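K.L.:
Right, I'll just put the structure down here and ask away after.
Values in this text are rule-based calculations from the coordinates and carry no lab data. Just so it is clear, the structure is predicted and the values come from calculations on it, not from any experiment. Heads up, the Cβs are rebuilt from the backbone with ideal geometry, glycines too, and the neighbour counts pull from every protein chain shown.
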Amino acid sequence: MLEKDGTVQLGNDEKLELTKDDAKLLEILSSQRRAKLAFGTTEDYLKMLERMKELEKKGEIIVHHVTEEYDPVGVRTLSGRVKRIPTRETWQHKSCGQCGHIPGYISAFYWIMSELGIPYVDDTNQTSCTAWNYYGSGTSNPVALSAVFLRNMHVAYEKNAYPLIHCGTSYGDYKECRYLVIMNRDIRERVRAILKKVGRELVVPEELVHYSEWLHVMRHEVAARRKHDVSNVKVAVHAACHTYKLMAEDYTYDENILGGRKPAPTSSVALALGAQLLDYSNWYDCCGFGFRHILTEREISRSFAYFRKIRPIVRETHADVLITHDTGCVTTLDKSQVVPLAQGYKETIPVISDSQFAALAMGAHPFIVCQLQWHIADWKPLLAKMGIDWKAAYEEYRSYLDKVKGGMKPAFIRSPPRRLEPRGGAKAFRVDEPVMT
Amino acid sequence: MDSRYAAKLVSRLGEDGWHYGGLPGLQWEAENARSADRSVMIQVVEELRNDTRFEEFYRACINCGNCTSMCPPFRLVDFEPRIVVQKVMHAKDEPELLYQMMDQYIWSCFQCYSCWEVCPAHNNPGGLVAILKEIAVRHGLPSTKKALEPYSKILYKIMTTGTQITPDMHTTVALFRDWGPHKAELAKDIRVERAAVPVESMAGVMDKSWKVDKETMNELMTIQKESGVVDSVRHTLKDVADMVDDTAKEAGVE
């Protein structure tokens, strides 16, 4: 370690004085030595995957492989590598924001899997990634985030189900954390010690998979079940930054979708369903969420969302719907339209997730399953264009609500029976009676 | 321009005649940095450079401005990822440059990582900001407290339940009032609406995003404590850290 006075500590009491040039050289060399995590380059990303295999071989970590039991489908990622996307027996890593205030995002997704007869696990032994406290507040640290990541991954491993991550931020954060755990011994050992304290081991997924990638590989099965003709529906897509900008190498691209220049998921689903996919100039811009901003600097979020996304999208595409694949994007792009509209701006567009759009096209109930009543921007013209009688559906929903109010238990969307048994020691999935807290 | 103002601008220039970090007129934070404790400034630089992620997030800035051209907050506020990297680049010699950003500047970042994806030198300005935010929290800077206090309830929820925006936040119009009349409509019957969600792990759950097992929350709180998160937060939001401690204690988490 180079000291401030230009010396290097050699032994207990021994110090070596360096010339200025040598000190500089030493600093460069030690800096290069430290630079071994190598975020951000394809070559180094692939090296990390190799390192993961080495650690597995040495017995330092358990790798949760995408085995044939998960019926994987290969996709091309930006790195050029083929990534295996598990299609069944997935462990649903839910998103706190989606479940909290866009419940139709999840219920539509579960409904699709259930309709396709694909088993999954919805676990109550799950936390979010807690990365809000990383990206938004700086109130976490790499060890905590990695421990949370691996705790959840260990639960999925115990349940013998492959983690499928719903939130773009969780997906991005977990990619960062996996990197740190694999490439940095110090963090790995600190995380190991903490996990030991909670009775868990280091289980690292071979692939980190976002649910939009699952929907992408399942799009033809989804399209085969289409009940509503969407060929006259004009669709604009917003891709979430944390899925494809944060460690970009690992997200799905397809040369047949948008020329392979933009991520394939979500656009591919709209195309498979037969909708008209429209491009626009500000495609690359974020939604304006900004973490802290959506809560406490809302004018900034709102202005960005409306003037950099909603308005240009509507003006350029005249789309009927804006589809996206992340929690924050649905929230920001949908809710940020209220104030500009009140101020007299005219451009507006409904904002829903790809899962909701696909489920609607497959004939899911727009309110009981897709929960569109939680969305603000007017979805009625979209439903009308899809040939869905929203008035009748809303009446059904009101009557359903009355029954629930009267004590009726909702008809829960259930996973078809699983083929795989939980691994030894793990509790089978348990759901207690729902409670009104 | 009057001569006194001109002299003030000149006095802000570095020895090489450059003013790192944009137009001098925008650099009101420089004044704050001048009056700050220099030992803290140096410590901030050291903590940044010693962070595991630093060598990966910062390589060398060629000042091309690609990052800024893609930066969402740059469209609306005084924030540029290029400036972040430039100040980091010179921080060792001029720690006050970095410290200027600690006050408020870094809190403008959206953490969208558009900057990272487009940087030809593989710098990650958003990542550097994330490290700086953690340092700001550890040092309990007053501006950090101001930035985080409005959503301390969410910080607490994440640390203790692992979930955040929850349905009970929609029971009043107050929070998210700019959602308009729809919010009032939603708030009216939200408990029934929530009970009717056809997913068993979510139905009826108001105070969390889904039903989280007690043991799961206990494991999470253990992680938060053991990894030093709670102690770090204590420097900035003592009340939140105390509440997490109390909740952990009640739950029997050592």
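K.L.:
Can you check what the Kirkwood hydrodynamic radius comes to for the range A:42-211, Cα pairs only, in Å to one decimal?
P.N.:
16.5
K.L.:
Separate question: Quick check: the angle from helix A:142-158's long axis to the longest principal axis of chain A, C-alpha only, nearest 10 degrees?
P.N.:
Its long axis makes an angle of about 60 degrees.
K.L.:
Moving on. Can you list, by residue number, the Cys in chain A that have no neighbouring cysteine C-beta under 4.7 Å?
P.N.:
A:Cys96, A:Cys99, A:Cys129, A:Cys167, A:Cys177, A:Cys370
K.L.:
Please arrange B:Lys214, B:Lys146 by counting, for each residue, the other beta carbons lying within 10 Å of its beta carbon, fewest first.
P.N.:
B:Lys214, B:Lys146
K.L.:
Pull out a ≥ b ≥ c, the square roots of the eigenvalues of the alpha-carbon gyration tensor of the range B:149-250, then state rounded if a/c is under 1.5, prolate if not and a/b is larger than b/c, and oblate in the remaining case.
P.N.:
oblate
K.L.:
Another question about this same structure. Counting partner chain Cβ atoms within 10 Å of every residue's Cβ in A:296-303, what's the average?
P.N.:
For peptide A:296-303, the averaged partner shielding equals 4.
K.L.:
Still on this structure: Largest first and in whole Å, give the semi-axes of the range A:303-371's equivalent ellipsoid, each being the square root of 5 times a Cα gyration tensor eigenvalue.
P.N.:
23, 12, 11
K.L.:
Convert each backbone phi in the range A:359-368 into a coupling constant with the Karplus relation 6.51 cos²θ - 1.76 cosθ + 1.60 (shift: θ = phi - 60°), then list the ³J(HN,Hα) values in order as whole Hz, x for Gly and Pro.
P.N.:
5, 4, 5, 7, x, 5, 5, x, 10, 6
K.L.:
Then there is this: Once you've got the Cα coordinates, tell me which of A:Lys380/B:Lys153; A:Lys58/A:Lys175; A:Lys403/B:Lys188; A:Lys335/B:Lys225 are over 26 Å apart.
P.N.:
A:Lys380/B:Lys153; A:Lys335/B:Lys225
K.L.:
Just rank B:Arg138, A:Arg225, fewest to most, by other beta-carbon atoms within 10 angstrom.
P.N.:
A:Arg225, B:Arg138
K.L.:
Could you work out the Kirkwood radius for the range A:227-403, taking every pair of different alpha carbons, averaging 1/r and inverting it, reported in Å?
P.N.:
Its Kirkwood hydrodynamic radius stands at 16.7 Å.
K.L.:
Report the dimensions of the range B:126-166 along its three principal axes from the alpha-carbon atoms, largest first, rounded to Å.
P.N.:
Sorted largest first, the three principal extents are 29, 22, 14 Å.
K.L.:
Arrange A:Ile294, A:Ile62 by Cβ neighbour counts within 10 Å, fewest through most, would you?
P.N.:
The order, fewest Cβ neighbours first, is A:Ile62, A:Ile294.
K.L.:
Pop out the ³J(HN,Hα) list for the range B:35-49 in order, Karplus 6.51 cos²θ - 1.76 cosθ + 1.60 with θ = phi - 60°, rounded to Hz; leave Gly and Pro as x.
P.N.:
Karplus-based 3J(HN,Hα) across the range B:35-49 equals 8, 7, 6, 5, 5, 5, 4, 5, 4, 4, 4, 5, 5, 5, 5 Hz.
K.L.:
Between beta-carbons, use under 14 Å as the cut-off and find the net charge around A:Arg192, counting Lys and Arg +1, Asp and Glu -1.
P.N.:
+3
K.L.:
Which ³J(HN,Hα) values, rounded to whole Hz and listed in residue order, are derived for the range A:263-272 from phi using the Karplus coefficients 6.51, -1.76 and 1.60 in 6.51 cos²θ - 1.76 cosθ + 1.60 with θ = phi - 60°, glycine and proline given as x?
P.N.:
Per-residue couplings from phi come out as x, 7, x, 6, 4, 5, 5, 4, 5, 4 Hz.
K.L.:
While we're here: Sequence-distant or interchain residues sharing an amide H contact under 5 Å with B:Gly204, placed H: which?
P.N.:
Those lying under 5 Å, H to H, from B:Gly204 are B:Ala195, B:Ala196, B:Val197.
K.L.:
Can I ask one more? Debye sum, Cα scatterers, the protein assembly as shown, no solvent: what log₁₀ I/I(0) at q = 0.06, 0.08, 0.11 1/Å?
P.N.:
The calculated log intensity ratios at q = 0.06, 0.08, 0.11 Å⁻¹ are -0.34, -0.60, -1.16.
K.L.:
Put +1 on the Cβ of every Lys and Arg and -1 on every Asp and Glu Cβ in the range A:42-211; which of A:Pro142, A:Ile165, A:Tyr120 then has its Cα farthest towards the positive end of the dipole?
P.N.:
A:Pro142
K.L.:
What residues qualify as long-range amide H neighbours of A:Tyr162, i.e. H under 5 Å apart, gap of 5 or more or another chain, H built at 1.01 Å from N?
P.N.:
The answer is A:Thr90, A:Trp91.
K.L.:
Looking at the range A:42-211 only, what percent of DSSP beta bridges run antiparallel? Nearest 5 please.
P.N.:
So the antiparallel bridges amount to about 30 percent of the total.
K.L.:
I've got another one for you. Putting +1 on Lys and Arg Cβ atoms and -1 on Asp and Glu Cβ atoms, find which of A:Phe357, A:Phe367, B:Ala33 reaches farthest to the positive end of the dipole of the protein assembly as shown.
P.N.:
The residue sitting most towards the positive pole is A:Phe367.
K.L.:
Follow-up question, since we're still on this one. Return one number: the angle in degrees, 0 to 90 and rounded to the nearest 10, between the long axis of the Cα atoms of helix A:20-34 and the longest principal axis of the Cα atoms of chain A.
P.N.:
In chain A, helix A:20-34 runs at an angle near 40 degrees to the longest axis.
K.L.:
Provide, for q = 0.12 Å⁻¹, the log10 of I(q)/I(0) from a solvent-free Debye sum over equal Cα point scatterers in chain B.
P.N.:
The Cα Debye sum returns log10 ratios of -0.87.
K.L.:
What does DSSP give for the protein assembly as shown in terms of the percent of beta bridges that are antiparallel, rounded to the nearest 5?
P.N.:
If we restrict to bridges inside the protein assembly as shown, about 30 percent are antiparallel.
K.L.:
Ignoring everything except DSSP H segments at least 4 long, calculate the 222 nm mean residue ellipticity for the protein assembly as shown; use -39,500 (n - 2.57) per segment, divide by total residues, nearest 500.
P.N.:
Per the formula, -13000 deg cm²/dmol.
K.L.:
Which whole-number percentage describes the relative contact order of chain A, with Cα contacts under 8 Å and a sequence gap of 6 or more?
P.N.:
Result for chain A is 19 percent.
K.L.:
I've got another one for you. Angle between the Cα long axis of helix A:103-115 and the longest principal axis of chain A, 0 to 90 degrees, nearest 10?
P.N.:
The helix A:103-115 is inclined about 80 degrees to chain A.
K.L.:
Now for a separate question. What shape does the range A:51-91 have by the C-alpha gyration tensor, where a ≥ b ≥ c are the square roots of the eigenvalues, rounded means a/c under 1.5, and otherwise prolate means a/b greater than b/c and oblate the rest?
P.N.:
oblate
K.L.:
Work out the length of the dipole vector of chain B about its Cα centre, built from +1 on the beta-carbon of each Lys and Arg and -1 on the beta-carbon of each Asp and Glu, and round it to the nearest 20 debye.
P.N.:
560
K.L.:
Now for a different question. Kirkwood hydrodynamic radius, computed over distinct alpha-carbon pairs, for the range B:90-174: how many Å, to one decimal?
P.N.:
Every distinct Cα pair counted, the radius reaches 15.1 Å.
K.L.:
On a straight-distance basis, which aspartates and glutamates could pair with A:Lys385 in a cross-link, Cα separation under 16 angstrom, same-chain partners fewer than 8 positions away excluded?
P.N.:
Correct list for A:Lys385: A:Asp229, A:Asp320.
K.L.:
If you add up the charges near A:Ala131, with Lys and Arg at +1 and Asp and Glu at -1, over every other residue whose beta carbon is less than 10 angstrom from its beta carbon, what do you get?
P.N.:
-2
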